[in-house]
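Below: the structure, in structure tokens.
The values are calculated or read from the model by the stated rules, or taken from the named source; none is laboratory data. Since the model is a prediction, treat every value here as computed from it, not as a measurement. Because the Cβ atoms are built from the backbone with ideal geometry, glycine has one as well, and the counts that use them run over all protein chains shown. The protein model used for the area step is the full one, side chains on, heavy atoms only, and it has no ligands, DNA or RNA in it. Shrake-Rupley method; radii C 1.70, N 1.55, O 1.52, S 1.80 Å.
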Amino acid sequence: MAKSTVEYECSNCGYISPKWAGVCPSCGEWNTFSEKLKQKKSAKAEDHKANIAGLETSSEPQKLSEVETSEKSRFTSNIAELDRVLGGGFLHGAYILIGGEPGVGKSTLTLQIAKSNPGLKILYCAGEESAGQIKQRAQRLKVESENLLIFNETHIDKILEQAQSEQPDLLIVDSIQTVYRTELSSMPGSIQQVKECAALFQQLAKKKNITTIVIGHVTKEGDIAGPRVLEHMVDTVLQFEGDKNYTYRLLRSLKNRFGPAQEVGVFEMMEHGLSEVSNPSELFISDKTEGVSGNAVVCTMEGSRPLLIEVQALVTGSSYGTPQRTANGFDRNRLLLLLAVLEKRAGFNFSNHDVYLNIAGGFRLGDPAGDLGVCIALVSSLLDKAIQKQSAFIGEVGLGGEIRTVPHIEQRRKEASKLGFKQIVSPSGKGLEGVTYLRDAIKKAILN
Ligand code: TYD
Ligand code: MG
């Protein structure tokens, strides 16, 4: 029988299978296998990989006590929000992935490091734009650093060579999807290319101690070849998020070997680049809606930071047989559950009403501590009665209609009072006076 020249590769995790399969046995994703030509594994190509520009491996084991660490050596980007997400600035030799949808501002953010810390020697490898376009952007951002080198190159060998001769403090690869190795037949941006190139940058960062940022595009579905398959290779995964209709951007650490994961930095995209938002709560709440029924302020945690956001509910008489339930920025199933609890445990019936729930500012509220505020907003709109002024709500709602405690209550309460909220309704417990049942919270917030 003739030997097959094709194999199948999972677009999610890169698993190779000799046969097509509906479910990937490695990552469990459906319909991710696509046909590709078998890669010839010549000894030459393997050797080449190890030898590229002096990245060969040393293979002597060392005693733990003899291993040298560079823990002390961090350097700052001078962008406080970025430093914080990194765990206190860049670590020498760290390998960082910044992922995000096209247009969210990844190139802008990385280029801005050259402005905020002009002392850093930065080698910016641009595969997405021409040097001229980068210059235009740099002018818009008012980057004037003499230490910024723009390198319009996507051939990985040349980038590695240049990085080793220049020895920059920071190597930026924009983006990993444009870089390629000539030894591979697949197109730049294919899983194969992305994986191979990312592995070489990893060696560069670790062996030559060059701090490296690779930028990767992710689509809404997160299924573009790239970021997903290289998350395990890098030390830190930062995700840059933002809604096109709003100016704020969140930089989230999804993984961090050298700092806190789930930390968040907040930025606003302005005319001349990203500006830091050091008090994000002020960004998400407005005083225009105070006194309007259906508007409640909740305090969620983003990383280690409390953040106040506004929940808006609109409950109207239903004109169809089946009432509508729409949730924007909130899990719809969670909304259905809370409606059921309100009906069963507090006696508010929504069955003849359409319910629309919206989290203001395009924000996504996933923290269960937002439950109480959502319930209060729903009842407020149902009764068309405004919530008491200057109130904020914290607490998870249980199926029994009880208000359950959530982590960091003290911190959340502090943030709310700092912003001028007088009545902060939160769960009772541990020397904290608060509400125990949903019914009581509703009375306190709306009915008195
Ligand atoms: P960009 O950094 O090119 O995004 P990415 O690299 O993630 O694809 O950012 C592109 C968007 O940001 C673009 O829509 C224009 C906007 N922008 C500003 O609003 N202000 C600015 O100063 C800059 C440089 C970009
Ligand atoms: Mg870009």
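Can you work out which of the residues in segment 355-367 that are more than 20 Å from the chain's Cα centre (by Cα) and open to solvent by less than 10 Å² (accessible area, probe 1.4 Å) is farthest from Arg252 (Cα to Cα)? Write out each step before concluding.
First, pick out the residues of segment 355-367 that are more than 20 Å from the chain's Cα centre (by Cα): 355-358.
Still in the list and also open to solvent by less than 10 Å² (accessible area, probe 1.4 Å): 355, 357.
Values: Val355: 31, Leu357: 25 Å.
Step by step, filter segment 355-367, then rank; the result is Val355.
With respect to Gly242, determine if the residue is open to solvent by less than 50 Å² (accessible area, probe 1.4 Å) and at pLDDT 85 or above. In short, yes.
Given the condition part of a helix (DSSP H, G or I), among the acidic types (Asp, Glu) and outside the structural domain of Lys244 (by TED's automatic domain parsing), answer yes or no: does some residue in segment 371-383 qualify? If you could, list the steps in order and put the result at the bottom.
Here is the first cut: in segment 371-383, the ones part of a helix (DSSP H, G or I) are 371-383.
Those left that are additionally among the acidic types (Asp, Glu): 371.
Narrowing further to those that are outside the structural domain of Lys244 (by TED's automatic domain parsing): 371.
Within segment 371-383, one or more residues are part of a helix (DSSP H, G or I), among the acidic types (Asp, Glu) and outside the structural domain of Lys244 (by TED's automatic domain parsing).
On the stretch given as segment 17-57, residues that are modelled with pLDDT of 75 or more, buried (at least 16 other Cβ atoms within 10 Å of the Cβ) and of a type outside the set (Phe, Trp, Tyr) total 3.
Go over the candidates Lys389, Lys344 one by one and state the one that is open to solvent by 30 Å² or more (accessible area, probe 1.4 Å) and either closer than 12 Å to Val297 by Cα or in a strand (DSSP E or B) (or both). Break it down into steps so the answer makes sense when it comes.
Details: Lys344 fails: either closer than 12 Å to Val297 by Cα or in a strand (DSSP E or B) (or both).
Unique residue meeting the criteria: Lys389.
Take the conditions (1) free of Cβ contacts under 8 Å to residues at least 60 places away in the same chain; (2) away from ligand 1 (no atom under 16 Å from the Cβ); (3) within 17 Å of Gln203 (Cα to Cα); Phe151 misses just one of them, which is (3). The residue list Ile424, Ile403, Ile409 contains one member that is open to solvent by less than 50 Å² (accessible area, probe 1.4 Å), within 19 Å of Pro306 (Cβ to Cβ) and free of Cβ contacts under 8 Å to residues at least 24 places away in the same chain, which is Ile409.
Here is the figure for segment 251-275: residues that are open to solvent by less than 10 Å² (accessible area, probe 1.4 Å) and not aromatic (Phe, Trp, Tyr) total 6.
Taken over segment 89-108, the criterion of being under 16 Å from the mean Cα position of the chain (by Cα) and either outside the structural domain of Thr212 (by TED's automatic domain parsing) or within 14 Å of ligand 1 (Cβ to nearest atom) (or both) is satisfied by Leu97, Ile98, Gly99, Gly100, Glu101, Pro102, Gly103, Val104, Gly105, Lys106, Ser107. Only one of the listed residues (Leu111, Leu86) is more than 16 Å from ligand 2 (Cβ to nearest atom) and either modelled with pLDDT of 95 or more or in the same structural domain as Val237 (by TED's automatic domain parsing) (or both). That residue is Leu86. Condition check: in the same structural domain as Leu148 (by TED's automatic domain parsing), touching a residue at least 40 places away in the same chain (Cβ under 8 Å), over 16 Å from the mean Cα position of the chain (by Cα) and not in a helix (DSSP H, G or I). Does Glu183 satisfy that? Judged against the criteria, Glu183 is a match. In the set Val143, Val173, Val194, only one residue is open to solvent by less than 10 Å² (accessible area, probe 1.4 Å) and either modelled with pLDDT of 95 or more or within 16 Å of ligand 1 (Cβ to nearest atom) (or both); that residue is Val173. Annotation note: Cβ proximity below 6 Å between a residue of segment 119-139 that is in a helix (DSSP H, G or I) and a residue that is within 15 Å of ligand 2 (Cβ to nearest atom) (sequence gap 6+ or interchain) occurs for Ala131/Ile150; Ala131/Asn152; Ile134/Ala126; Ile134/Ile150. Of all the residues that make up segment 117-139, how many are under 20 Å from Pro168 (Cα atoms) and either acidic (Asp, Glu) or buried (at least 19 other Cβ atoms within 10 Å of the Cβ) (or both)? Selection size over segment 117-139: 10. Open to solvent by less than 10 Å² (accessible area, probe 1.4 Å), farther than 19 Å from Ile309 by Cα and in contact with a strand residue (DSSP E or B) (Cβ under 7 Å, 6 or more places away or on another chain): does that describe Gly370? No: the conditions fail for Gly370.
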